[in-house]
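The values are calculated or read from the model by the stated rules, or taken from the named source; none is laboratory data. Just so it is clear, the structure is predicted and the values come from calculations on it, not from any experiment. Heavy atoms of the whole protein, side chains included, go into the accessibility calculation; ligands, DNA and RNA do not. Shrake-Rupley method; radii C 1.70, N 1.55, O 1.52, S 1.80 Å.
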Amino acid sequence: MVTQPNHATCEECGKETDTYQYHNYDLSKIQLCKPCYDQYLAKEMVNYWQEHIQEEKRRTSSRQHA
């Protein structure tokens, strides 16, 4: 579901602009402008895949030693 924009201060860059409410990593709600949200999402996706790759390496490593 897409939320309607609010005219507020972006919690990341501090600009007063149209912002949208998003869930933070701890599930709290934060107001971000679209450019800051795009950067936030990219960082989250990189972290997700890095963790996924590390977990996969651990699993395949433990199978090889079994």
Item to complete: Taking amide H positions as placed in the peptide plane 1.01 Å from N, state which residues far from Lys15 in sequence (5 or more) or on other chains have amide H under 5 Å from it.
Response: Cys10
Worksheet item: Per the Kirkwood treatment, what hydrodynamic radius in Å, one decimal, follows for the chain from the mean inverse distance over all distinct Cα pairs?
Response: 13.9 Å
Worksheet item: To the nearest 10 square angstrom, how much accessible area does Arg58 have with a 1.4 angstrom probe?
Response: 130 Å²
Discussion item. Using each residue's phi in region 9-25, evaluate 6.51 cos²θ - 1.76 cosθ + 1.60 at θ = phi - 60° and report the 3J(HN,Hα) Karplus result to the nearest Hz, with x for Gly and Pro.
Written reply: 8, 5, 6, 8, 9, x, 6, 8, 7, 6, 10, 10, 8, 10, 8, 7, 4
Worksheet entry | Reachable lysines, given that their alpha-carbon falls under 26 Å from the alpha-carbon of Lys29 and they are not under 8 places away in the same chain | Lys15, Lys43
Response to the item:
the chain: relative contact order from alpha carbon pairs under 8 Å, six or more residues apart, as a whole percent, is 20 percent
